[in-house]
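S.K.: This is the structure I want to talk about, given as C-alpha cells.
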Amino acid sequence: MKKLYSNKVVILSLITPGLLTFLLAILAPICVSIYFGFTDFAGIGEVKFIGIENYKVLIRDEGFWMSLKNSLLLAVGFIVIQHPIALVTAAVLDKLQGKAEGFFRCVYFIPNVISVAIIAYLWKFIYNPNFGLFNKLLQILGLEGNVNWLGSGMAIWSVLLVLIWHGFGWGMLIYYTGIKNIDPVLYEAAAIDGADFKQAFFSITMPLMKPVIQMNVTMAIIAALKQMETVYLLTNGGPGNETQFLANFLYKQAFKSYKYGYGNAISVIFIIICLVATVVLNKIFADREERRRKA
Amino acid sequence: MNSEMRKTSTPARIILFVGLSIIALIQLFPLIWLVNFSLANPNELFTNGILVWPDEIQWGNYVKAFVDGNFLLYFKNSLLINTLAVLFALVISVMASFACIRMNWKLSGFVKTLLLLGMMIPIHATLLPNYVIYDRIGLTDTIWALLIPYIAFSLPQGVFLTSSFMSSIPKELEEAALIDGCGIYRIVFIIIMPLMKASLVTVSIMTYLNNWNEFMMASTYLSTKQWKTLPFAILEFTGQYSSNYAVQFAVMALTAAPALIIYIILNKYITKGVAAGAVKG
C-alpha cells in the first residue's frame with residue numbers, strides 16, 4: 001500500500017493538469033510581464049531593452065500614485081462605511097428570524113449575482129445628468145439637480161459609492177454566517193441577565209466575530225487594490241486620472257497609449273503590491289491572534 | 001421558538017424590520033429602476049418623476065435586445081464555457097489535492113503552496129502578457145482563451161477547499177478499497193469524490209459566480225462573436241444602440257435575468273456555498 005502511494009508515475013499524472021494550468025496561465029504570464037517590463041515595446045514593431053527606465057518613469061507617474069491613493073480611499077470606504085453597516089445589519093438580521101430573515105438575506109446579495117458590466121452601466125445611467133435617477137431625486141427634493149456626478153472632483157466619490165453599494169451584500173453574508181456560528185446559548189444567557197441588543201452586540205458578537213472581521217477587512221483591502229471592472233466601464237479612470245486604479249491604469253497604458261512595455265512594468269509592481277499587502281495583513285492579524293491567545 | 005424571540009418586543013421588531021427594509025430598498029431600487037425604464041418608450045425617460053408609467057409597455061425593447069443583442073448565442077457561449085470551466089476546475093482540484101494531501105513525495109507541500117499562491121495574484125495583471133502569449137500561439141478568438149484562465153484562477157480556491165475537506169476523510173476507507181485491489185484513480189474518482197459533495201458544490205458555486213460575470217478577459221482575448229459571453233453583450237450593444245436608452249436598459253435586464261433566476265431558485269445553496277467558500281478562502 002505504501003508503495004502505491006509513492007508511485008511517481010501516479011503522482012505525476014495527478015498533479016500535472018493542475019501544475020500545468022498554473023504554470024501556463026499564471027506563472028508564464030508573470031515571467032513574460034517581467035521581460036516586457038524592461039522594454040519599450042509598443043505592441044507592434046521591435047522590442048528594445050531599456051533597463052529599469054519604465055520603473056523610473058512609474059515612480060514619477062502621477063497616475064500611479066493616484067491609483068494607490070484611490071485604492072487606499074476605497075479600502076477606507078469599505079472599512080469605515082460598508083463593513084460597520086454590514087456587521088450591524090447581519091446582527092439585526094440574525095435576531096429577526098422566520099421568513100423575513102431568509103427574504104432579506106436573499107435580497108441583500110442580489111447585486112452580487114449581477115454582472116459587473118450591468119452594474120457599471122446601470123450606475124452610469126443613474127449618474128446621467130439628463131435622465132439619471134440621482135438628479136431626478138434632487139429635483140424632487142426641490143433642488144436644481146444638475147450635478148455632474150462623474151465630473152471632476154465628484155467622480156471618485158460616485159465611484160466609491162457604487163463599489164460600496166455593490167459589495168455590501170457579500171460582506172453582510174460573511175458576517176451573517178459568522179454570527180450564525182456563535183453559540184445561541186450565549187445570547188440566551190445574556191438575555192436572562194437582562195442584557196439588551198446593544199450590550200449583547202458589544203460584549204458577545206463583536207469579540208467573538210474578531211477573526212471574521214479581520215478576514216473580511218483583509219479581503220476588502222485586497223479587493224480595493226484589485227479593483228478594475230467597475231472603474232473601467234464607469235469612468236475608465238477619468239476625468240484625467242482622478243478615478244484611476246492600478247489594473248485600469250496598466251490596461252489603459254498598454255491598449256490606449258500603446259505603451260505595452262510600460263503597462264507590463266505596472267503589472268509587475270501591481271503583483272508585488274498585492275503579494276506584499278496579503279502577506280503583511282495576514283502577518284499583522286496572525287500576530288495579534290497569537291498575542292491574544294497568550295494573554 | 002427560543003427565548004431570544006420572546007425577548008424581542010413587538011415595537012422593537014417593527015423598528016428592526018423598517019431598518020432592514022430601507023437597506024433592502026437601497027440595494028434593490030436601482031434594479032427596479034432598470035426594469036421600469038426598460039419597458040418605457042425612449043422619449044418617456046426624460047419626463048419628471050423617478051419612475052415612469054409608460055403609456056404602452058414597450059415589450060419591443062426586449063425583442064430588439066434579444067435579437068440584435070445576439071442573446072441566444074452569448075447565452076449558449078456563457079453556459080458552455082462556464083460549465084466546462086467548473087468541470088475542469090473540480091476534477092483538476094481534486095486530483096491535485098489528492099496528490100498533495102495523500103500521496104508521499106518530497107515536493108507535495110511546496111507544490112500545494114505554489115498552487116495556493118495563485119489566490120494572491122491579481123487576475124488583471126495577467127491581461128497584457130496573456131494577450132501576447134495567446135496571440136502568438138493562435139489561441140485568441142478560441143474557446144481556450146477563456147477556458148484556460150478561468151480554470152487557472154479557479155484552481156487555488158478549488159485546491160484550498162477540496163484539500164481541507166479531504167484531510168477530514170478517514171484514511172481507513174481508502175485502505176479497505178486498496179485491499180480490495182482498487183487503483184489510485186478509482187479511489188480518487190469513485191470513492192473520494194462522492195464523499196466530497198459539499199465542498200464540490202462550494203467550489204462549483206464560487207467558480208460559476210466568479211466566471212459567469214467576467215468580461216475583462218472576454219473583451220481582451222476575443223474579437224469575433226463566436227465565443228463572446230453574456231456580459232459582453234452589453235458592451236457591444238451600448239455601442240450599437242447608443243442613442244436608444246430604453247433598449248439598452250432592456251438588454252441589461254435581459255442579461256441579468258439568467259443569473260438572477262438561478263439565484264432566486266437556488267439561493268439557499270448559493271448563500272451557503274459563498275459563505276463556506278469565502279470564510280475558508
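S.K.: Just to confirm my filter: which helices (runs of 4 or more DSSP H) fall fully inside the stretch A:1-116 and include at least 1 residues that are crowded, with 21+ Cβ neighbours inside 10 Å and either free of Cβ contacts under 8 Å to residues at least 40 places away in the same chain or not aliphatic (A, V, I, L, M) (or both)?
M.R.: Helices (runs of 4 or more DSSP H) meeting the threshold: A:8-22, A:28-37, A:53-59, A:62-77, A:83-96, A:99-113.
S.K.: Which one of the conditions (1) at the interface with chain A (Cβ under 10 Å from one of its Cβ atoms); (2) under 15 Å from the mean Cα position of the chain (by Cα); (3) crowded, with 16+ Cβ neighbours inside 10 Å does B:I264 fail to meet, given that it meets all the rest?
M.R.: (3)
S.K.: Answer yes or no: is there a residue in the stretch B:78-90 that is over 29 Å from the mean Cα position of the chain (by Cα), surrounded by fewer than 16 Cβ atoms within 10 Å (Cβ to Cβ) and either away from every other protein chain (no Cβ under 12 Å) or within 30 Å of B:M196 (Cα to Cα) (or both).
M.R.: First pass over the stretch B:78-90, keeping only residues over 29 Å from the mean Cα position of the chain (by Cα): none.
No, there is no match, as no residue in the stretch B:78-90 is over 29 Å from the mean Cα position of the chain (by Cα), surrounded by fewer than 16 Cβ atoms within 10 Å (Cβ to Cβ) and either away from every other protein chain (no Cβ under 12 Å) or within 30 Å of B:M196 (Cα to Cα) (or both).
S.K.: Next up: From the list B:F37, B:F46, which residue is exposed (fewer than 15 other Cβ atoms within 10 Å of the Cβ), closer than 19 Å to A:L137 by Cα and either in contact (Cβ under 8 Å) with a residue 24 or more places away in the chain or within 8 Å of another protein chain (Cβ to nearest Cβ) (or both)?
M.R.: B:F46
S.K.: If the requirement is being buried (at least 18 other Cβ atoms within 10 Å of the Cβ), at negative phi, more than 8 Å from chain A (Cβ to nearest Cβ) and modelled with pLDDT of 85 or more, which of these qualifies: B:A256, B:A246?
M.R.: Only one candidate passes the filter, namely B:A246.
S.K.: One residue is enough: does the stretch B:95-111 have a residue meeting the conditions within 10 Å of chain A (Cβ to nearest Cβ), among the basic types (K, R) and not in a helix (DSSP H, G or I)?
M.R.: Taking the stretch B:95-111 as the starting set, the residues that turn out to be within 10 Å of chain A (Cβ to nearest Cβ) are B:95-100, B:102-105, B:107-108, B:111.
With the extra rule that they be among the basic types (K, R), the set shrinks to B:102.
Those still in the list that are not in a helix (DSSP H, G or I) too: B:102.
Yes: the stretch B:95-111 contains one or more residues that are within 10 Å of chain A (Cβ to nearest Cβ), among the basic types (K, R) and not in a helix (DSSP H, G or I).
S.K.: Got at least one residue in the stretch B:234-241 being part of a helix (DSSP H, G or I), within 12 Å of chain A (Cβ to nearest Cβ) and surrounded by 21 or more Cβ atoms within 10 Å (Cβ to Cβ)?
M.R.: Checked against the condition, which is being part of a helix (DSSP H, G or I), within 12 Å of chain A (Cβ to nearest Cβ) and surrounded by 21 or more Cβ atoms within 10 Å (Cβ to Cβ), the stretch B:234-241 yields at least one hit.
S.K.: Pull out all pairs, ordered by first then second residue, where Cβ-Cβ is under 6 Å, the residues are six or more apart or on different chains, the first lies in the stretch B:125-144 and is farther than 13 Å from A:F41 by Cβ, and the second is among the aromatic types (F, W, Y).
M.R.: B:A125/A:F270; B:Y134/B:Y221; B:T140/B:Y134; B:T140/B:Y221; B:I143/B:W227
S.K.: Still on this structure, please answer the following. Only one of A:I213, A:I174, A:I182 is of a type in the set (A, V, I, L, M), more than 10 Å from chain B (Cβ to nearest Cβ) and under 26 Å from B:M119 (Cβ atoms); which?
M.R.: Numbers: A:I174 fails: more than 10 Å from chain B (Cβ to nearest Cβ); A:I182 fails: under 26 Å from B:M119 (Cβ atoms).
After ruling out the rest, the residue left standing is A:I213.
S.K.: Which residues, taken from the stretch B:1-49, are assigned to a loop (DSSP other than H, G, I, E, B), over 28 Å from the mean Cα position of the chain (by Cα) and modelled with pLDDT of 80 or more?
M.R.: B:A40, B:N41
S.K.: A:K198 fails exactly one of the following numbered conditions: (1) in contact (Cβ under 8 Å) with a residue 24 or more places away in the chain; (2) surrounded by fewer than 21 Cβ atoms within 10 Å (Cβ to Cβ). What is the number of that condition?
M.R.: Failed condition: (1).
S.K.: Of everything in the stretch A:94-112, what is at pLDDT 90 or above and facing another protein chain (nearest Cβ under 7 Å)? Give them in sequence order.
M.R.: Result: A:F104, A:R105, A:C106, A:V107, A:Y108, A:F109, A:I110, A:P111.
S.K.: For the stretch B:192-207: of the residues being surrounded by fewer than 16 Cβ atoms within 10 Å (Cβ to Cβ) and in contact (Cβ under 8 Å) with a residue 12 or more places away in the chain, which is nearest to B:G158 (Cα to Cα)?
M.R.: Out of the qualifying residues, it is B:A198.
S.K.: If you check B:M206 against the conditions, is it modelled with pLDDT of 85 or more and either away from chain A (no Cβ under 11 Å) or within 16 Å of B:F71 (Cβ to Cβ) (or both)?
M.R.: For B:M206, the condition - modelled with pLDDT of 85 or more and either away from chain A (no Cβ under 11 Å) or within 16 Å of B:F71 (Cβ to Cβ) (or both) - is met.
S.K.: Please determine whether any residue of the stretch B:129-147 is basic (K, R), assigned by TED's automatic domain parsing to the domain that holds B:I205 and either buried (at least 23 other Cβ atoms within 10 Å of the Cβ) or farther than 20 Å from A:V10 by Cα (or both). Working first, answer last.
M.R.: Taking the stretch B:129-147 first, the residues basic (K, R) are B:136.
Retained after the next criterion (residues that are assigned by TED's automatic domain parsing to the domain that holds B:I205): B:136.
Narrowing further to those that are either buried (at least 23 other Cβ atoms within 10 Å of the Cβ) or farther than 20 Å from A:V10 by Cα (or both): B:136.
Yes.
S.K.: Go through (1) surrounded by fewer than 14 Cβ atoms within 10 Å (Cβ to Cβ); (2) within 33 Å of the chain's Cα centre (by Cα) one by one and return the number of the condition B:E56 breaks.
M.R.: (2)
S.K.: Ok, one more. Quick one: in the stretch A:20-55, of everything that is more than 18 Å from B:P122 (Cβ to Cβ) and small (G, A, S), which residue is nearest to the other protein chains (Cβ to nearest Cβ)?
M.R.: My answer is A:G43.
S.K.: Continuing with this model, one more query. Which of the following residues is among the basic types (K, R) and either in contact with a Phe, Trp or Tyr (Cβ under 9 Å, 6 or more places away or on another chain) or modelled with pLDDT under 90 (or both): A:K3, A:K56, A:K69? Quick ask: steps written out before the conclusion?
M.R.: Details: A:K56 fails: either in contact with a Phe, Trp or Tyr (Cβ under 9 Å, 6 or more places away or on another chain) or modelled with pLDDT under 90 (or both); A:K69 fails: either in contact with a Phe, Trp or Tyr (Cβ under 9 Å, 6 or more places away or on another chain) or modelled with pLDDT under 90 (or both).
Checking each option against the conditions leaves just A:K3.
S.K.: Residue under question is A:F249, and the condition is that it be touching a Ser or Thr at 6+ places or on another chain (Cβ under 8 Å) and assigned to a helix (DSSP H, G or I); does it hold?
M.R.: Details: touching a Ser or Thr at 6+ places or on another chain (Cβ under 8 Å): yes; assigned to a helix (DSSP H, G or I): yes.
Against the criterion (touching a Ser or Thr at 6+ places or on another chain (Cβ under 8 Å) and assigned to a helix (DSSP H, G or I)), A:F249 qualifies.
S.K.: Restricting to the stretch B:172-184, count the residues that are closer than 30 Å to B:A276 by Cα and at the interface with chain A (Cβ under 10 Å from one of its Cβ atoms).
M.R.: The qualifying residues number 3.
The values are calculated or read from the model by the stated rules, or taken from the named source; none is laboratory data. Everything numeric here is computed off the predicted structure, so don't read it as measured data. Glycine gets a Cβ as well: all are built from the backbone with ideal geometry, and neighbour counts include every protein chain shown.
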